[in-house]
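Undergrad: The structure's right below; bear with me while I get my questions together.
The values are calculated or read from the model by the stated rules, or taken from the named source; none is laboratory data. Remember, predicted model here, so these are calculated numbers, not experimental data. Reconstructed Cβ throughout: ideal geometry from the backbone, glycine too, with neighbour counts over all protein chains shown. Please note that ligands, DNA and RNA were not included when accessible areas were found on the heavy atoms of the full protein model with its side chains. Shrake-Rupley method; radii C 1.70, N 1.55, O 1.52, S 1.80 Å.
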Amino acid sequence: MAAIGNRGTVTEAAGFDPEADVQRLRGAMKGAGTDEAAVIEVLAHRTIAQRQRVKEAYKQAVGKDLAEDLSSELSGNFRSVVLGLLMLAPVYDAYELRNAIKGAGTEEACLIDVLASRSNAEIQTINAFYKKEYEKSLEDDVCGDTSGMFQRVLVSLLTAGRDESDKVDEAQAVLDAKEIYEAGEARWGTDEVKFLTVLCVRNRNHLLRVFEEYQKISGRDIEESIKREMSGSLEDVFLAIVKCIRNKQAFFAERLYKSMKGLGTTDSVLIRIMVARAEIDMLDIKAQFLKMYGKTLYSFIKGDTSGDYRKILLELCGGE
């Protein structure tokens with residue numbers, strides 16, 4: 001029943017009683033309107049494992065699917081958050097990726113956010129759930145919807161083959177930095193395959209050394225070079241990989257900030273990160289947000305959203 005991380009704002013509810021939760025949720029959906037406060041009270045304060053128990057108990061007691069019943073009662077962004085909370089983590093990732101691919105355009109941001117930040121084991125599980133749920137391989141769908149070098153980077157990430165040891169090969173790190181430099185800054189045009197080979201395959205500690213070496217050789221930060229050498233989705237995915245390697249929580253804090261600053265809110269990004277990270281590392285994401293922007297994530301969400309959607313996000317955020 002444990003939470004899936006230990007730095008989340010959502011933790012196990014003490015004295016958890018799935019049957020009591022079912023009664024509350026049934027009561028919330030009875031009659032003319034819906035008691036959204038009760039829905040928030042239950043779902044935003046249970047771990048994913050506990051919500052699965054509530055779903056099972058609901059099906060037993062009512063003979064219906066909780067997600068379907070809530071879906072017909074709720075609407076808009078609030079509904080999106082609630083339905084996301086009812087899914088297992090890899091199922092939610094697979095669902096988000098599916099939505100990013102199907103439809104008119106492709107939401108590249110979703111493909112990048114998910115695939116650049118998940119571990120090998122997480123990506124393998126996402127692949128398996130995607131296949132089971134949608135009867136197609138995620139790789140085939142990604143290939144059908146993207147092209148060029150961007151597609152190749154995503155396919156490489158989907159193989160879930162990154163070295164996850166913590167060994168640093170000093171000589172190799174120097175060579176990697178030199179090769180990236182020669183593939184980019186040092187030549188006319190860019191040999192993107194070299195970037196892919198290093199950024200999608202090497203382990204975190206090794207890459208941190210590569211970035212240090214790169215700075216020495218080129219006099220530039222690797223992120224700066226990527227911005228100079230690449231554009232569009234390819235630039236975005238390489239930057240996301242570098243940022244996740246350096247500090248995953250800072251990467252998510254920046255994504256949240258950008259989803260809310262300026263005119264309008266990119267709700268898909270805001271919802272995806274709040275739902276996916278609430279139980280894993282939201283405490284660290286909040287700390288990074290404050291450090292980077294001098295304002296709390298809580299105050300940003302409060303100022304940028306409204307209604308029940310705002311209320312449930314603030315609960316997932318877990319206070320100032």
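Undergrad: Out of 268, 259, 225, 231, report the one residue that is of a type outside the set (A, V, I, L, M) and out of contact with any helix residue (DSSP H, G or I) (no Cβ under 9 Å at 6 or more places or on another chain).
TA: Checking each option against the conditions leaves just 231.
Undergrad: Going by the structure shown, is residue 50 polar (S, T, N, Q), outside any loop (DSSP other than H, G, I, E, B), surrounded by fewer than 18 Cβ atoms within 10 Å (Cβ to Cβ) and at pLDDT 95 or above?
TA: Values: polar (S, T, N, Q): yes; outside any loop (DSSP other than H, G, I, E, B): yes; surrounded by fewer than 18 Cβ atoms within 10 Å (Cβ to Cβ): no; at pLDDT 95 or above: yes.
Criteria not met by residue 50.
Undergrad: Now a separate question. I'd like the residue in segment 299-318 that is touching a residue at least 40 places away in the same chain (Cβ under 8 Å) and not in a helix (DSSP H, G or I) and, out of all such residues, is farthest from residue 270 (Cα to Cα).
TA: Selected residue: 318.
Undergrad: Which of the residues that make up segment 249-260 are touching a residue at least 12 places away in the same chain (Cβ under 8 Å), surrounded by fewer than 20 Cβ atoms within 10 Å (Cβ to Cβ) and of a type outside the set (Phe, Trp, Tyr)?
TA: 250, 254, 260
Undergrad: In the list 242, 275, 237, which residue meets the criterion of being of a type in the set (Val, Ile, Thr), assigned to a helix (DSSP H, G or I) and more than 26 Å from residue 208 (Cβ to Cβ)?
TA: Working: 242 fails: more than 26 Å from residue 208 (Cβ to Cβ); 237 fails: more than 26 Å from residue 208 (Cβ to Cβ).
That would be 275, the only listed residue that is of a type in the set (Val, Ile, Thr), assigned to a helix (DSSP H, G or I) and more than 26 Å from residue 208 (Cβ to Cβ).
Undergrad: Quick check on segment 60-95: of everything there that is more than 20 Å from the chain's Cα centre (by Cα) and of a type in the set (Asp, Glu), which residue is least open to solvent (accessible area, probe 1.4 Å)?
TA: 69
Undergrad: What is the one condition in (1) acidic (Asp, Glu); (2) surrounded by fewer than 16 Cβ atoms within 10 Å (Cβ to Cβ); (3) within 13 Å of the chain's Cα centre (by Cα) that residue 170 does not satisfy?
TA: The one condition residue 170 does not meet is (3).
Undergrad: Another question about this same structure. Hey, residue 33 hits all of (1) under 28 Å from the mean Cα position of the chain (by Cα); (2) exposed (fewer than 13 other Cβ atoms within 10 Å of the Cβ) but one; which does it fall short on?
TA: Residue 33 satisfies every listed condition except (1).
Undergrad: Hey, another quick one. Counting only residues that are out of contact with any helix residue (DSSP H, G or I) (no Cβ under 6 Å at 6 or more places or on another chain) and in a loop (DSSP other than H, G, I, E, B), which one in segment 165-194 is nearest to residue 235 (Cα to Cα)?
TA: Among those that are out of contact with any helix residue (DSSP H, G or I) (no Cβ under 6 Å at 6 or more places or on another chain) and in a loop (DSSP other than H, G, I, E, B), it is 189.
Undergrad: Looking only at segment 19-30, which residues are closer than 24 Å to residue 318 by Cβ and buried (at least 20 other Cβ atoms within 10 Å of the Cβ)?
TA: To start, the set of residues in segment 19-30 that are closer than 24 Å to residue 318 by Cβ comprises 20-21, 24-25, 28.
Answer for segment 19-30, where residues must be closer than 24 Å to residue 318 by Cβ and buried (at least 20 other Cβ atoms within 10 Å of the Cβ): 21, 25, 28.
Undergrad: In the set 243, 291, which member is more than 20 Å from residue 6 (Cα to Cα) and surrounded by fewer than 17 Cβ atoms within 10 Å (Cβ to Cβ)?
TA: 291
Undergrad: Which residues, counting only those in segment 184-204, are buried (at least 16 other Cβ atoms within 10 Å of the Cβ), of a type outside the set (Val, Ile, Thr) and within 30 Å of the chain's Cα centre (by Cα)?
TA: Residues satisfying the conditions are 184, 192, 194, 195, 196, 199, 200, 202, 203, 204.
Undergrad: Mind checking which residues of segment 214-232 are assigned to a helix (DSSP H, G or I), of a type in the set (Asp, Glu) and surrounded by fewer than 20 Cβ atoms within 10 Å (Cβ to Cβ)?
TA: Result: 223, 224.
Undergrad: Condition first: modelled with pLDDT of 95 or more, closer than 19 Å to residue 157 by Cβ and of a type outside the set (D, E, K, R). Can you find one or more residues in segment 251-265 that meet it?
TA: Among the residues of segment 251-265, at least one is modelled with pLDDT of 95 or more, closer than 19 Å to residue 157 by Cβ and of a type outside the set (D, E, K, R), which makes the answer yes.
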